[in-house]
Every structure is written in structure tokens, then in C-alpha cells.
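The values are calculated or read from the model by the stated rules, or taken from the named source; none is laboratory data. These numbers come from a predicted model, not from an experiment. All Cβ positions, glycine included, derive from the backbone under ideal geometry; neighbour counts span all protein chains shown. For accessibility, only protein heavy atoms count, side chains too; no ligands or nucleic acids. Shrake-Rupley method; radii C 1.70, N 1.55, O 1.52, S 1.80 Å.
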Amino acid sequence: MTLPSTYKQMISTVSAEGELTMELVDKPIPELGEDDVLIRIEATPINPSDQGVMFGWASMAKATSSGSGKDTKLSAPISPQGMGVMKARIGQALTVGNEGAGTVVAAGSGDYAQSLIGKVVAVMGGGMYAEYRKAPAMMCLVLKDGHTARDGASCFVNPLTALSMIETMRMEGHTALVHTAAASNLGQMLNRICQADGVELVNVVRKPEQAELLRGMGAKHIVDSSSESFMADLTDAIHATGATLAFDATGGGNLASNILTAMEGAAARTPGAYSIYGSVQHKQVYLYGGLDTSPTVLSRGYGMAWGVGGWLLPNFLAKAGNEVAMRLRNRVAEELKTTFASHYTDELSLEEALQADIVARYYAKATGEKFLICPQK
């Protein structure tokens, strides 16, 4: 195969004048080291974590597009508050796209790298919204025969996050989980894993139709935060499951505090558990997303055995070690079309992903909607 001399790469830049721009730029095809491969990227998803880098604190409701085809450019203003948060980004051309999949079209001289030529692989490491991506051969997950790049495009972020939540639960001595924004693609995946592994899961949703979606999947414990009986329902579900660990995708507001309050309320139902210092069992909420950008509010009425902290997949995998990471990756590869299957609302070219009307669709992060970028389209 004859390779081009350059390829298109999507970048996101913040200017000192308070404007976010996203565009496609030409990059030279990189030179490969002995253990590197070059992947022709064929499918790469748009995850909420990708949008954080793509748009940051820009006012996306005011976004506009100019140009056409490969010269399409997206622009959006940034408020003074947003500029305060994003000042470290000024002038930096950031590549975007956390994960993707495609075909290895070239490789360094190393034996393992050479063995991947022609294979369909998935990879995580940023810069995936591009026509080509250089990567270390050892970082590639080789897909099973019959699995396409589309099948494997989302096999890192959501699957490994869901599996790592359960791994965290076991490592920290908990026995059940609470998960918010539970009807999301990730939440549905987590439900399938928990059902398969016999782990009790409390699903927190925001709408009755989201509850129905999960109920149709066989979810057992579902509570709707829009219901007047939310706190009572949440406490009942936590008492029934014994959940003392939660993963909160919203981040802001008082949801984390409400979960801790419900955990304490559930613990107080155990005879003899009362103490002026609260229940002895440690209650933990990890914030792993930022769907609500308002401040996190904690109303401390849940004793002294509790914690709220941040949780990030790469940090967890680094702490867990290579053996755990490989075990989780192997499970994803084996169950790619079942437990970890992803379904997409639409498939976009690189330039379509920069058109303001299309950006408005995927920026909405509507439940059950997931978009795929196909750079070769």
C-alpha cells in the first residue's frame, strides 16, 4: 500500500481573544520506531470525555461554522468565566479523540509490530479524530476475526470504565454499587456486566422513560431523581443492596450528598448501628463526570465515615497494574459484540463533525444517543 505524505487531523484551539476554533490541519505521516505501527483510523466515537477537550467552556449554543469540505471550521465564543478556567489552553492546538479503531497499514521493524500489518486493531491514547494514527504496537488491542473497526471503536473508554468500577468496588471492600446517569451507553453496559457477574446495582436516572429502558434490560433497582419519593426510593434500594460505593457522572449539584445521606439512612436501619459519629461502614462517592458543571454541594449529615473524590480511568489502570489492565482488555475483546456492544445514532465524516448544526446534535448528550466519526468517509 502506498501511503500519502500527509493526513488530516482535527485540532481544538483557544485564542487569547476568547474564541474556540476547531478545524482540520495537515500533518506529515509520522516516522515509525521499531515497535510502532501506523493505523488507518476507520471509526472513532464521540464520548463526553472527548467533548471536554473539544469544547471546554465555550458557549456552544453560539457556535457557527464556516468554509466547506476539509476546510470547514467551527468557532464558538468563550465567556470571561470560561476563559478563566481555560487560560492554560490559550494558543495550544490540542488533538482530540480518546479512542478508535482501524487497520494497521505500516509497522516498524520489530517482530510484533510487523505481525500486526493488515490486522484490525483498537487503541486508546488521544488524537484519534484523524485519518491516521501512530501508536506503540503493544498498546493495540487486536480484534477477533469478523470484528470490524466499527465494532471495536468504543472498546476502551466505556467498557474499561464499567469494568474498572466493579474492580474498584472489589479492591476497596465494597459489595454493591450506585451509578448515576444510569441509562447512558456506559450505564447500560454496566448493567449487563453486573447482571452477568452477580453484582447488585442501584441505577439513578432522571426520567421515567429512562427507568423503563433499564427495566426492559432486566435492571432490578432503578430510582428516578425527578420523583417526589426519590430519597425514600434511593434509601430503600441502597438498603436492599447494601451499596456503599457510588460513581456519579453528574459531578455538580447535591446528588453526591444525597447518595451519602441515603447510604447513612440505610445503615441506620440496622439494629444497634446508631452512633453520634454515624455508621462505621465507609461510604464513598466517586465523581467521574461533569454533566452538571455547578459546584458540588455537600450537606454533611452522614456521620464521619465517608468520602467524596475524583475518579479517572487512566489513573485507576495505572494504580491497578498491567496484569489487571490486560485481564480487563481481554474480557472486552471476548465480549465485544455482546456485553460491550455499542450502538450509534449516526456516522459522521471529520468535516461533518465540525458543522454547527451537527455539533448541536451530539453536544446535547441525549440519553441513548452516541455518534461515530469515520475519518475515511
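Numerical summary
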quantity	calculated
Mean shadow area of region 61-120, taken as a quarter of the surface of its Cα convex hull (nm²)	7.5 nm²
Cα→Cβ-extended label distance, 7 Å offset, between residue 142 and residue 195, nm	3.3 nm
Mean residue ellipticity (222 nm) of the chain, computed from DSSP H runs ≥ 4 via -39,500 (n - 2.57), nearest 500	-9000 deg cm²/dmol
Pairwise FRET efficiency - residue 209 versus residue 360, Cβ, R0 = 25 Å, nearest 0.05	0.70
Lysines with Cα under 19 Å of residue 70, excluding same-chain neighbours fewer than 8 positions away	8, 27, 377
Probe 1.4 Å - accessible area at residue 70, Å² to nearest ten	70 Å²
Shape call, the chain: gyration tensor on alpha carbons, a/c limit 1.5	prolate
Candidate aspartates and glutamates - alpha carbon under 16 Å from residue 87, same-chain residues fewer than 8 apart omitted	17, 19
Nearest-10 value in Å² for the accessible area of residue 22, using the 1.4 Å probe	0 Å²
Loop GluC sites (Glu not before Pro), region 91-189, which have at most 15 other Cβ atoms in a 10 Å radius of their Cβ (DSSP)	172
Exposure ranking of 215, 192, 300 by accessible area [1.4 Å probe, largest first]	300, 215, 192
Calculated FRET value between residue 105 and residue 277, using beta carbons and R₀ = 51 Å, to 0.05	0.25
Volume per residue that the Cα convex hull of region 230-287 spans, once the total is divided by residue count, Å³	83 Å³
Computed over region 265-377: relative contact order in percent, which uses C-alpha pairs under 8 Å that are six or more apart	19 percent
Solvent-accessible ranking of 144, 337, largest area first, probe 1.4 Å	337, 144
Prolate/oblate/rounded call for region 183-319, Cα gyration tensor, a/c under 1.5 rounded	rounded
Computed accessible area, residue 334, all protein chains, 1.4 angstrom probe, square angstrom	120 Å²
Computed over region 166-313: relative contact order in percent, which uses C-alpha pairs under 8 Å that are six or more apart	22 percent
Under 20 Å from residue 207, Cα to Cα: lysines that are on another chain or at least 8 residues apart	220, 365, 370
Extension gain (nm, one decimal) between residue 377 and residue 112, 0.36 nm per residue minus Cα-Cα	92.5 nm
Which of 343, 179 is most accessible, then next, and so on - probe 1.4 Å	343, 179
